[in-house]
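The values are calculated or read from the model by the stated rules, or taken from the named source; none is laboratory data. The structure presented is a predicted model; accordingly, all values stated were derived computationally and were not measured. Virtual Cβ from ideal backbone geometry, glycine too; neighbours counted across all protein chains shown. What goes into the accessible areas is simple: the full protein's heavy atoms, side chains included, and nothing from ligands, DNA or RNA. Shrake-Rupley method; radii C 1.70, N 1.55, O 1.52, S 1.80 Å.
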Amino acid sequence: MCIPATAADNLLDNGGFESAKANALYGYDWDSWQCKAITTIETTDILEGEQALRFTEANTASNITQEVSMTNEADGQIFELTFRYKLLSYTAEKPVWLNCVWEHPRDGVLNHDEEVLTQTLSKGDGWQTVTIKTSKPVGATKLVVSMAYAKKTLLLLDDWRLERTEATEPWLTVSPATLPKSDAKVGETKTVGNITIRQGHLTQPVSVYLTGTGSAMFSLDKQQVSAAEEVVKLTYTPTAAGQHRAMLIIESSEVPTLNQTLSVSGSASDPTLKPEITITPTTLEEFECTAGETITKTILVNGINCTGNIEISLLNNQSPGVFTINNTLMPANVQNGRSVITFHPLAAGEYSATVYYQTEGGTAQRIALRGTATSGEEKPDDFNTEFVFDNKSPQRVLIERFDNAGHNEQLQLANWQNVVVEGKKPWLSIDELNGEQMDCAKATAFVSGQTDDTEWEIWLVTPALDYKNAANQVFTFRVRGDYLFDGMTTALELYYIDATDPANVHKEKIAAGIPSTADEKGKWVDIHVNLAGSDNIADVFYMAFRYVGPSGTNGAVTYYVDDITWGNPNLPIITCDHSQVAFQTKPSVAGGVEFKVTGQNLTEPIKITLGGANPNSFAMATATTTNPSTTIELPAEGGVAAIALLQDAEGVYEAYMTMNSKGAATIRIPVSCLVKNTTAIDQAETNDMPMKRLVNGRVFIQRGEALYDILGNNAN
Ligand SMILES: [Ca+2]
Ligand SMILES: [Ca+2]
């Protein structure tokens, strides 16, 4: 059992001024005290121990100061600070005063207990004792204990104390707050740290234990602490090479809110194995930028079985300062250490260098660096301006959803082409727009603050596609146009490209119905282009989006494209059992037709809306709707619905039903109803044929006396 540390431990180092070392400049150094005055050791007029501090000369005003770390003290802990001093001589009206402060790592000096911490001290006769109390502000890490004195003040100091006053609530502190990573060889034992655990007002012992995958590699010299202050030793004895991690838990079963957890990690090497450095990636593409710009690339470094540090050096660096590295040393068995290489050319030209990663006994790894800088005046050519069709590895399936898009960054996807034929901005990727998740491709010729009307032409070309071997021959995409206006000259066009003969590339525009009018702006539209059954399509072909339009702020619009697919075996499709709906009824008699809609691979419900010439003359209902409406919804798998009409006037009523669901091509079903006094329905009735009735807003089917709902259930 340790001897309990009492609350009355003096937290000041050398508070009794018993330790002094001769110093050529000021006479003596007093350990942790900072004192820029000439002092000597007083051995007769003392209060405590065998000596006191004596000022022998004080030509300037100064102070005597000690910084006390408070990192491991409980917030709110009250401290008692006792100063004992004897004024030998002085001339100032205010010869001595306190100048103590609490400090916070982020906020600096805190305005806390100022009235006691910065008070003027009495002159008095003989030894004076001043005792103040101050509490630890939340998050403070340091108390600066300081007494200041005026010019020509000579003093004796002895027996200064900084003590904790007894807390009344349970408390527990652990120091240090973090533990360093340990390195050891297999079979060796290294001390990770000595952890000081302090506590008060706890009646049950505090448990100390290790947990986690690597905990067997670490050990503690005790499992419980109950003294006011106890030190627990944590050691690392790896039995196998590798990285080891564990958690050190300091747990009070009594007051769980006081529990603390420290991460413990160690790295073990086996001296019988060859040290190895691995780097990712192992090669870097050329650094390209305009002179004056900066590009960085990061290499991840891992060391295994290394016994010495990993040294990083830059060799063959002909133009020092153009290529630089962020560090020259990494710990022996670093895990994913970040070695950042910076390219910062100040002039146009070509640059090269080599980075070496080496460790004692290991094989060095190297990466060749190449960089090209263009002069600032040149047109930036960081995007492609030429098409390259290689026809290699055509894809049977293409599903591009632009996940993990950047924020208005150049769209770069393997095997895709992003080509600026004319203009200054390629296709971009965009992650979000005004809070809306986008993750799609974007094309625009909008340039803020510019009214230049140069015609831009920018292309996004898919990878090579396999026509014959695809599961289906349907090319799909979603598209949305923002800022569309009637009469605009900007267009987003869909192209089919046959590059079988690269010297004679054939591009053909396909009418796809991409939104282009003001009332279509801001709405996503799913478009499916079925290329099945065409003899004219090359075995290997490409699809492409071409944005063309004026740049600047005059008339530029923005198009977004997402979910581009080819041969998608899980193609979302909406089908309807009617390609058109036509029926007849008499004035003031409801007529209607039910229809069945099927959804395949849909993730969202099917929405059916009415449009066309007389949409409001009709009403639709599903088996579950009570009020027929011009808008209904069926579940993603589809279902049965009905469309009906009830009009007083004779005539032909026409509309169309639009059916859509995210990802599926929108389908349109034309609807027409002839309202006439003598109709085929009359004949049907007399012949006891089934007919439709709209009863209380729902469509029913009447067969003789029996009434059925649209799902065929008897409704009598
Ligand atoms: Ca003393
Ligand atoms: Ca997307």
Query raised in the report: Of the numbered conditions (1) within 22 Å of ASP482 (Cβ to Cβ); (2) of a type outside the set (D, E, K, R); (3) open to solvent by less than 20 Å² (accessible area, probe 1.4 Å), ASN554 satisfies every one except a single condition; which is it?
Result: (3)
Query raised in the report: Do we have any residue at all in segment 601-614 that's surrounded by 15 or more Cβ atoms within 10 Å (Cβ to Cβ), within 20 Å of ILE667 (Cβ to Cβ), charged (D, E, K, R) and not assigned by TED's automatic domain parsing to the domain that holds LEU494?
Result: yes
Query - Check on GLU103, open to solvent by less than 40 Å² (accessible area, probe 1.4 Å), on the phi < 0 side of the Ramachandran plot and among the charged types (D, E, K, R) - result: no
Query - Residue satisfying condition, being over 26 Å from the mean Cα position of the chain (by Cα), open to solvent by 70 Å² or more (accessible area, probe 1.4 Å) and under 16 Å from ARG370 (Cβ atoms), within set THR283, THR296, THR324 - result: THR283
Query raised in the report: Given the conditions (1) hydrophobic (A, V, I, L, M, F, W, C); (2) crowded, with 21+ Cβ neighbours inside 10 Å; (3) part of a loop (DSSP other than H, G, I, E, B), which single one is not true for ILE197?
Result: (3)
Report task. Determine whether LYS133 is within 22 Å of ILE41 (Cβ to Cβ), of a type in the set (Lys, Arg) and not in a loop (DSSP other than H, G, I, E, B). Result -> no
Query raised in the report: When residues of segment 33-47 are filtered for being within 11 Å of ligand 1 (Cβ to nearest atom), open to solvent by 60 Å² or more (accessible area, probe 1.4 Å) and without any contact (Cβ under 8 Å) to a residue 40 or more places away in the chain, how many remain?
Result: 1
Query raised in the report: On the given criteria, is SER207 open to solvent by less than 20 Å² (accessible area, probe 1.4 Å) and of a type in the set (Ser, Thr, Tyr)?
Result: no
Query raised in the report: Could we say that LEU634 is more than 54 Å from the chain's Cα centre (by Cα) and either within 30 Å of ILE564 (Cβ to Cβ) or touching a residue at least 24 places away in the same chain (Cβ under 8 Å) (or both) here?
Result: no
Query raised in the report: Taking the stated definitions as given, is MET217 crowded, with 18+ Cβ neighbours inside 10 Å, in contact with a strand residue (DSSP E or B) (Cβ under 6 Å, 6 or more places away or on another chain) and closer than 29 Å to ASN336 by Cα?
Result: yes
Query raised in the report: Of the numbered conditions (1) closer than 20 Å to GLN128 by Cα; (2) open to solvent by less than 20 Å² (accessible area, probe 1.4 Å); (3) within 16 Å of ligand 1 (Cβ to nearest atom), PHE79 satisfies every one except a single condition; which is it?
Result: (3)
Query raised in the report: Hey, among the residues in segment 48-76 that are open to solvent by 70 Å² or more (accessible area, probe 1.4 Å) and modelled with pLDDT of 90 or more, which one's nearest to ligand 2 (Cβ to nearest atom)?
Result: SER69
Requested in this report: Considering (1) buried (at least 19 other Cβ atoms within 10 Å of the Cβ); (2) among the polar types (S, T, N, Q); (3) farther than 30 Å from GLN128 by Cβ, say which one THR153 fails and leave the rest.
Outcome: (3)
Query raised in the report: For segment 81-109, what are the residues that are farther than 11 Å from LYS151 by Cα and small (Gly, Ala, Ser)?
Result: GLY108
Requested in this report: State yes or no: is THR257 open to solvent by 60 Å² or more (accessible area, probe 1.4 Å), among the polar types (S, T, N, Q) and out of contact with any strand residue (DSSP E or B) (no Cβ under 7 Å at 6 or more places or on another chain)?
Outcome: yes
Report task. Select from segment 168-188 the residues that are surrounded by 12 or more Cβ atoms within 10 Å (Cβ to Cβ) and among the hydroxyl-bearing types (Ser, Thr, Tyr) and list them in ascending order. Result -> THR173, SER175, SER182
